[in-house]
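Notes for the one structure printed next.
The values are calculated or read from the model by the stated rules, or taken from the named source; none is laboratory data. Predicted model, so just to flag it, every value in this text is computed and none were measured. Reconstructed Cβ throughout: ideal geometry from the backbone, glycine too, with neighbour counts over all protein chains shown.
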Amino acid sequence: MPLAYYITDRQSCSLPIIQQIRQAIDTSIDLIQIREKDLATRSLLELAQAARDCAKGSRSKILINDRLDIALAAGLDGVQLGHHSIPAGTLRERLAEKDFLIGVSVHSLDEFLQAESQGASFVTLGPVFATPSKAAYGPPLGLEVLRRVCQRATIPVFALGGIELQNYQACLASGAAGIAAIRLFQTSEAALKEVVNAIHN
């Protein structure tokens, strides 16, 4: 079954972010990444703890962007590492919890192969399509790069970047294990339920 991966952005969210996270959990989103880089450590920890409490007993796993200290302190399910983060292999060597998820953001086949070899649990690959938030990083990768990465992958690959209702199926058809997004999942509860059900089915 394809997976849904919600990445938070409280700056573009019409609801308080914990309320949006609760809606995501209620609609059975598989992974939720708290990506509020500008929050102070204490506020970020409190948000992480609240999200963890909301997710208890649900299928949703809570991750946080880059902050291993907060992930461990709040008892989260994992971290998402970026291009300038600690390498996945360094974390994997130090972590006793083998089921702790380490996601890595990658932008090419070479970056993917490096992340996979270092013990990443999964990767997000993007931007697949054009998206304003990634415009500064160059042109979108396109479905062909996604297909090539998925063909080589032994871990899940999430398609990321510019993904909408009109194009998510093309990503899954190219081999993606799931869809990662901000805007697609940061919507009303009714619309969220509809898109998550569509991806899962």
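Some notes on this structure:
- Filter result for LEU113 (farther than 18 Å from TYR6 by Cβ and either modelled with pLDDT under 95 or of a type in the set (S, T, N, Q) (or both)): no
- Residue within segment 164-171 that is surrounded by 17 or more Cβ atoms within 10 Å (Cβ to Cβ), modelled with pLDDT of 95 or more, within 17 Å of the chain's Cα centre (by Cα) and not hydroxyl-bearing (Ser, Thr, Tyr) present: yes
- Residue list for segment 95-115, filter: of a type in the set (Ser, Thr, Tyr) and farther than 18 Å from PHE129 by Cα: none
- Qualifying residue in segment 85-94 (condition: modelled with pLDDT of 95 or more, closer than 24 Å to ALA71 by Cβ and either buried (at least 16 other Cβ atoms within 10 Å of the Cβ) or among the aromatic types (Phe, Trp, Tyr) (or both)): no
- Taking helices (runs of 4 or more DSSP H) as the structural unit, those lying wholly within segment 1-89 and holding at least 1 residues that are touching a residue at least 40 places away in the same chain (Cβ under 8 Å) correspond to 17-26.
- Residue, nearest to HIS84 (Cα to Cα), within segment 37-59, restricted to residues that are at pLDDT 95 or above and in contact with a strand residue (DSSP E or B) (Cβ under 8 Å, 6 or more places away or on another chain): LEU44
- Looking across segment 140-163, the residues that are touching a residue at least 24 places away in the same chain (Cβ under 8 Å) and part of a loop (DSSP other than H, G, I, E, B) come down to LEU141, ALA153, THR154, ILE155, PRO156, GLY161, GLY162, ILE163.
- Scan of segment 98-118 for residues that are part of a helix (DSSP H, G or I) and among the hydroxyl-bearing types (Ser, Thr, Tyr), ordered by number: SER117
- When restricted to residues that are aliphatic (A, V, I, L, M) and surrounded by fewer than 21 Cβ atoms within 10 Å (Cβ to Cβ), segment 26-43 contains 2.
- When ARG22 is tested against (1) more than 21 Å from ILE102 (Cα to Cα); (2) exposed (fewer than 15 other Cβ atoms within 10 Å of the Cβ); (3) of a type in the set (Lys, Arg), only condition (2) is not met.
- Picking from residues in segment 119-139 that are under 18 Å from the mean Cα position of the chain (by Cα), of a type in the set (Ser, Thr, Tyr) and not in a loop (DSSP other than H, G, I, E, B), the one that is modelled with the highest pLDDT is THR124.
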